[in-house]
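Participant: Attaching a single structure in structure tokens format; questions to follow.
Nothing in this text is a laboratory measurement; each read-out follows from the coordinates by a stated rule. Here the structure is a predicted model, which is why all the values come from computation and not from measurement. Neighbour counts run over all protein chains shown; Cβ positions are idealised from the backbone, glycine included.
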Amino acid sequence: MDCHTARQMIEMLPRAAHDLPSAEEQALRDHLAHCPPCLSAAEEVGEWDMSLQSAMTSVPVPDDLHERLLSQLARSTPQAGRNASQFPDRTRHIRRIASWLAFCLVLFAGSVFWLSRAPRLELASVENGAIQQLRNRPDTGLAAFDQSFAAAVADSKWQKVCQSSPFGVNVDKRAGHDLAAFRVNIPSLRFRGWLVMVPISRIVDVPPSTYPDAVHYAQTAAWHDDRFVYVCLAEQGSVEALIAQWNSSAA
Amino acid sequence: MQRPLAPGLAELVDEHYRAVFGYAYRLSGSVIESEDLTQQTFMLAQSNLSQLREPRAARGWLYTIARNEFLRRRPVPSTVTLDDVSEPSMPEPDPGWPEGELTSEQLQAALNELPIEFRVPVVLFYYENLCYRDIALQLNLPLGTVMSRLSRAKSQLRRQLEKHLLESHPG
């Protein structure tokens, strides 16, 4: 594990370490054991967490809140038998049937609505889907993109480094591919990875940038143009280095 | 007209009202709204007391009621804007934690700057002391989404708090 990845993960230590896969947790601990700067950063994050938690739970409570709560609860205690006698049996029967009909109607309308449109996706689910389904997978284990949208990379620089036809990734577990993924290989930067694209209308939290400058978890960068949201995922090499090189060449 | 409370309800209030109020305050940032949320939480608890089968789980149960009531009143927007919660760029040289004790008010001011969808997981993490996996379960979100939101929220929170602390302890 390198320092860059370690710095991304140390904020999860020690409280959330068990949320990491055990191999990653062990790799992080091994790295900290041999890297004093990262260990120092981890200790500082731990101190910050403790300080924040201490302040978070320290909330002054109004003096009379307890009495007011008990008084209000006493006033609102349900009276025994009230609900049972509020409506005659016939009225309650009709209300029950009407409720069921309304429920069925809502269920039917909801089903039609749900089936008629693909759900929108959070950027994080796109990133996670790409990481889980593409990273370090051989081409033979991937499906060719089903052309559920016209996946064409507009930027000529990216066109040059995208290899072959796109593969498809399903994120929302419905039929059809949600993402089109191109293999990216840039030997001069020793970079290998993926360029993933998804129609901008499918994303609820479109990344603000129109160029790849935001790095998520040190593994991906995201940006958008008029039609698509793009995510670049690194398998080998650094996304940050790729972006820096990209931006300097653009300038 | 006042009636006797349901059996066990007064004890539930005695033991947990401070924690529930604090939780509501961290979520809402308003004393008045927190009092109202606390009251509503215990009224809903009273109506559903039979659902609480394990007394040791009472606090988490009350937190869940309070959080659901808070989110019902102020639903998370369907579009998550990230303009105010920018991605942390890592790794960077750490500037170090400024001197000075963090106060409840400074923390709340920083929390109030976070959009709800980022503030809620932070409160679950630091106030309710839940791990990432439990937060994902409670909020019905993928674990990766929780990690991403907490990462961004923590970074934003830290920047805000550092600013507050440096302003209150210049030099």
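Participant: Quick one: dipole size for region A:136-251, taken about the Cα centre, charges +1 on Lys/Arg Cβ and -1 on Asp/Glu Cβ, in debye to the nearest 20.
Facilitator: 280 debye
Participant: Setting aside same-chain residues fewer than 8 positions from B:LYS163, which lysines have a Cα under 20 Å from its Cα?
Facilitator: B:LYS154
Participant: Shifting gears a bit: Evaluate the distance, in nm, between pseudo-label points positioned 7 Å from the Cα of A:SER58 and of A:LEU105 along their respective Cα→Cβ axes.
Facilitator: Modelled inter-label distance: 5.6 nm.
Participant: In nm, what is the difference between 0.36 nm times the number of residues separating B:GLU15 and B:ASN112 and their Cα-Cα distance?
Facilitator: Result: 32.2 nm gained on full extension.
Participant: Here's a follow-up. Just rank A:SER248, B:SER34, fewest to most, by other beta-carbon atoms within 10 angstrom.
Facilitator: A:SER248, B:SER34
Participant: Å³ per residue of the Cα convex hull, for region B:119-171?
Facilitator: 71 Å³
Participant: Under a point spin-label approximation (7 Å from Cα along Cα-to-Cβ), what is the A:HIS93-A:ARG174 distance to one decimal in nm?
Facilitator: Going by the 7 Å Cα→Cβ label model, 4.3 nm.
Participant: If each residue's Cβ is checked for other Cβ atoms within 10 Å, how do A:ARG135, B:ARG67 rank with the fewest at the top?
Facilitator: Numbers: A:ARG135 13, B:ARG67 21.
Ordered by Cβ neighbours within 10 Å, fewest first: A:ARG135, B:ARG67.
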